[in-house]
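Structure, as structure tokens:
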Amino acid sequence: MEWVAVLLVFLGLCVLLNLLLPQPPPARWRRRVQRSGSRLTGRLRRHTVPEPDPFDTLRLQTRLGHVAEEIRRVESARIYAKAHRLMALEAAYDDLLDEACRLAGVREEADLERGEEKRWLEEQELASRGWSW
């Protein structure tokens, strides 16, 4: 019988607390506060850029070396469809240079189209950062 009295006292205290404490804000206010809070924490949170994996850099340098060697071999040889092979190899070399520049943190030259000038500038920037292939 004592447990019933304890239960009634507990329920009475819950009713009193519910009457005394303020009601939760409407759902739209909670959503607005939540959005503002998430924007604020997104601005305050530090965005760290992960360091590139050195093995990825090494693999990329090796691939650049192989493609450059293949370009030199095709340019010096007398083979069938030489122009098509050179275009394909130079496109692959340009893609690898772009990826290498992204890994090395080289600023992208937006005004330059693919070609000898852009390729030369990217090679110089990578060489100045210690890349070799």
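The values are calculated or read from the model by the stated rules, or taken from the named source; none is laboratory data. Everything numeric in this text was worked out from a predicted model, so none of it was measured. Don't worry about glycine lacking a Cβ; one is built from the backbone with ideal geometry, like all the others, and counts go over all protein chains shown.
Taking the conditions exactly as written (of a type in the set (D, E, K, R), surrounded by fewer than 16 Cβ atoms within 10 Å (Cβ to Cβ) and on the phi < 0 side of the Ramachandran plot), does residue 72 satisfy them or not? Spell out the reasoning first.
Values: of a type in the set (D, E, K, R): yes; surrounded by fewer than 16 Cβ atoms within 10 Å (Cβ to Cβ): yes; on the phi < 0 side of the Ramachandran plot: yes.
It is true that residue 72 is of a type in the set (D, E, K, R), surrounded by fewer than 16 Cβ atoms within 10 Å (Cβ to Cβ) and on the phi < 0 side of the Ramachandran plot.
Among 96, 126, 103, which is touching a Leu at 6+ places or on another chain (Cβ under 6 Å), closer than 15 Å to residue 57 by Cα and assigned to a helix (DSSP H, G or I)?
96
Collect the residues in the range 13-50 that are among the basic types (Lys, Arg), under 30 Å from residue 103 (Cα atoms) and at pLDDT 75 or above, keeping them in residue-number order. Before the answer, list the steps.
Of the residues in the range 13-50, the ones among the basic types (Lys, Arg) are 28, 30-32, 35, 39, 43, 45-46.
Retained after the next criterion (residues that are under 30 Å from residue 103 (Cα atoms)): 39, 43, 45-46.
Once the filter is applied, which keeps residues that are among the basic types (Lys, Arg), under 30 Å from residue 103 (Cα atoms) and at pLDDT 75 or above, the range 13-50 yields 39, 43, 45.
For residue 124, all conditions in the list (1) within 18 Å of the chain's Cα centre (by Cα); (2) surrounded by 10 or more Cβ atoms within 10 Å (Cβ to Cβ); (3) among the polar types (S, T, N, Q) hold save one; what is the number of the exception?
(1)
Taking the range 1-52 as the region of interest, how many residues are more than 21 Å from the chain's Cα centre (by Cα) and assigned to a helix (DSSP H, G or I)?
Kept after step one, since they are more than 21 Å from the chain's Cα centre (by Cα), are these residues of the range 1-52: 1-37, 40.
Right, trim to assigned to a helix (DSSP H, G or I) and you get 2-20, 27-37, 40.
Qualifying residue count, the range 1-52: 31.
Among the residues of the range 55-91 satisfying the criterion of being touching a helix residue (DSSP H, G or I) at 6+ places or on another chain (Cβ under 8 Å) and of a type in the set (D, E, K, R), which is nearest to residue 118 (Cα to Cα)?
If we take residues in the range 55-91 being touching a helix residue (DSSP H, G or I) at 6+ places or on another chain (Cβ under 8 Å) and of a type in the set (D, E, K, R), then 90 is nearest to residue 118 (Cα to Cα).
When both residues are 6+ apart or on different chains and their Cβ atoms are under 9 Å apart, which pairs have a first residue that lies in the range 66-87 and is assigned to a loop (DSSP other than H, G, I, E, B), and a second that is surrounded by 10 or more Cβ atoms within 10 Å (Cβ to Cβ)?
That search, which allows pairs on different chains as well, returns 79/85.
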